[in-house]
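A quick write-up on the structure given underneath.
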Amino acid sequence: MADIKGKRILLGLTGGIAAYKSAELLRQLQQDGADVQVVMTQAACGFITPATLQALSGKPVFTDMWDARVASNMAHIELSRDKDAIVVAPASADFIAKIAHGLADDLLSTLCVARECPLLVAPAMNRQMWENAATRRNIEQLQRDGVTILGPASGDQACGEVGMGRMLEPEEIADALRAFFAPKLLAGRRVLVTAGPTFEAIDAVRGITNLSSGKMGYAVAQAALDAGAQVTLVSGPTALKAPPAAKFVGVTSARDMFAAVKRHVAGTDIFVSVAAVADYHAANPSRRKIKKSDRNVTLELAPNPDILAWVAGLPKPPFCVGFAAESEKLEQYAEDKRRRKKLPLLAANRVQEAVGADENELVLLDDGGRHVLPRAPKSVLAQQLVAHIAKLYERTSGKR
Ligand code: PMT
């Protein structure tokens with residue numbers, strides 16, 4: 001995700017029980033180095049006090065249009081003038097209706113109408129209010145007006161009901177904001193990513209798999225989305241939540257993954273093969289659970305198709321990026337793989353440090369040589385990798 005360090009954010013709170021989560025959101029934005037100014041509606045003050053947010057932000061919190069603390073006495077205009085974005089979280093059904101119609105009868109709605117910066121809103125309301133025809137119309141209107149809608153999520157609600165309308169978690173809103181500010185290096189591009197392990201059945205309950213968690217592949221999918229690409233994520237079994245904006249295709253075996261890639265590769269500009277695909281599958285898997293015995297058992301393995309090699313060998317292949325996890329001679333083996341599979345770019349990593357971990361270190365190998373991406377969270381490495389891909393893609397696009 002992109003950096004929001006130094007970004008000037010106006011955080012608006014409206015009346016909703018989710019307002020307590022905004023204190024945590026404020027803290028996270030500040031930890032990321034953003035400069036946050038809080039503005040609250042009167043209704044928001046019924047759920048959390050301005051004093052709490054003032055203490056956390058270290059700045060006065062504004063609630064009133066006529067607040068004399070703003071030098072020009074023009075709080076309704078001035079407070080948003082130097083901002084990079086206004087984020088309203090929680091945004092109530094009432095507030096959404098107001099800004100969809102350009103109403104400006106309190107400080108926060110007036111700031112939204114008078115703004116020059118982007119507006120992002122995180123709705124939070126009861127599921128019936130969210131499904132109400134008027135709310136649906138208002139949300140569509142805001143989207144047409146270029147307002148970014150963050151969420152909502154589905155789940156347990158404060159009223160005891162279950163359904164759509166929960167405000168996104170503070171971390172998710174902070175992530176969305178980081179994504180919002182990421183440079184759109186892949187705008188209009190279609191990116192296909194494979195991620196995670198594959199599972200090759202031996203019998204009804206057993207199989208061959210590996211320790212890939214999917215973290216690297218999912219981070220690449222998210223970074224490509226943040227860079228403005230349209231992303232399809234083909235993933236083996238993982239415990240991760242797929243980026244909501246990606247088209248997600250869940251698969252089990254290498255041959256399932258191959259079929260899914262074949263189905264989705266048409267029109268792809270960039271293919272990033274992060275998956276740890278099993279090289280073999282059981283030649284004769286049993287539909288039943290194989291009975292235990294005291295004798296030795298021999299398992300016959302048949303090779304799996306090489307998905308990346310197949311894509312790279314297409315008559316008009318997308319820009320192909322491979323990964324290689326090696327336990328020794330990292331760069332030598334990885335470069336051999338890159339040349340054998342005819343890849344413009346390959347990311348090499350050490351298997352013992354990469355698989356399952358939250359952090360990693362990559363060596364990017366391309367025709368220009370080696371580029372080291374030092375140890376960092378996989379989300380950061382994925383951003384750096386996407387920036388490198390975008391650069392090479394642009395450079396070679398005339399030659400494809
Ligand atoms: O999922 P994580 O826990 O975050 O771990 C990330 C990772 C270690 C799995 C990832 O960073 C990584 O290195 N993935 C590639 C794993 C690997 O060693 O692949 P390989 O050397 O078997 O294959 C080389 C390339 O060909 C890879 O891009 C692979 O996706 C692709 N391949 C391999 C075999 C096959 N049958 N089809 C393929 O497409």
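The values are calculated or read from the model by the stated rules, or taken from the named source; none is laboratory data. The model shown is predicted, which means the values in this text are computed figures rather than measured ones. Cβ sites come from the backbone with ideal geometry, for glycine too, and all protein chains shown count toward neighbours. When the accessible area is computed, the model is the full protein with side chains, heavy atoms only, and any ligands, DNA or RNA have been set aside. Shrake-Rupley method; radii C 1.70, N 1.55, O 1.52, S 1.80 Å.
Could you check, for region 168-180, whether at least one of its residues is aromatic (F, W, Y) and under 22 Å from C117 (Cα atoms)? Looking for residues that are aromatic (F, W, Y) and under 22 Å from C117 (Cα atoms), one finds at least one in region 168-180, hence yes.
If you filter region 114-140 down to residues that are buried (at least 16 other Cβ atoms within 10 Å of the Cβ) and assigned to a helix (DSSP H, G or I), you find that the one that is modelled with the lowest pLDDT is R127.
Contact map, region 219-241: first residue open to solvent by 10 Å² or more (accessible area, probe 1.4 Å), second residue more than 13 Å from the ligand (Cβ to nearest atom) and hydroxyl-bearing (S, T, Y), Cβ cut-off under 7 Å, separation 6 or more or different chains; pairs are P237/T252.
The rows are residues; the columns are (1) within 13 Å of the ligand (Cβ to nearest atom); (2) closer than 20 Å to V265 by Cβ; (3) over 29 Å from the mean Cα position of the chain (by Cα).
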residue: N296; (1), (2), (3): no, no, yes
residue: N304; (1), (2), (3): yes, yes, yes
residue: F323; (1), (2), (3): yes, yes, no
residue: R339; (1), (2), (3): yes, no, yes
residue: A354; (1), (2), (3): yes, no, no
residue: K391; (1), (2), (3): no, no, no
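Could you tell me which of the residues L343, L314, L330 is more than 8 Å from the ligand (Cβ to nearest atom), in contact (Cβ under 8 Å) with a residue 40 or more places away in the chain and farther than 17 Å from N210 by Cα? Lay out the reasoning, then the answer.
Numbers: L343 fails: in contact (Cβ under 8 Å) with a residue 40 or more places away in the chain; L330 fails: in contact (Cβ under 8 Å) with a residue 40 or more places away in the chain.
None of the others qualify; the one that does is L314.
Taken together, the residues in region 94-152 that are hydroxyl-bearing (S, T, Y), touching a Pro at 6+ places or on another chain (Cβ under 9 Å) and within 22 Å of V39 (Cα to Cα) amount to 1. Might you let me know whether region 279-292 holds any residue that is within 22 Å of I389 (Cα to Cα), near the ligand (Cβ under 8 Å from one of its atoms) and open to solvent by 20 Å² or more (accessible area, probe 1.4 Å)? No, there is no match, as no residue in region 279-292 is within 22 Å of I389 (Cα to Cα), near the ligand (Cβ under 8 Å from one of its atoms) and open to solvent by 20 Å² or more (accessible area, probe 1.4 Å). Can you find a residue in region 39-61 that is closer than 27 Å to P183 by Cα and open to solvent by 50 Å² or more (accessible area, probe 1.4 Å)? So far as region 39-61 goes, no, none of its residues is closer than 27 Å to P183 by Cα and open to solvent by 50 Å² or more (accessible area, probe 1.4 Å). Scanning region 133-182 for residues that are over 30 Å from S379 (Cα atoms) and of a type in the set (S, T, N, Q) returns T135, N138, Q141, Q157.
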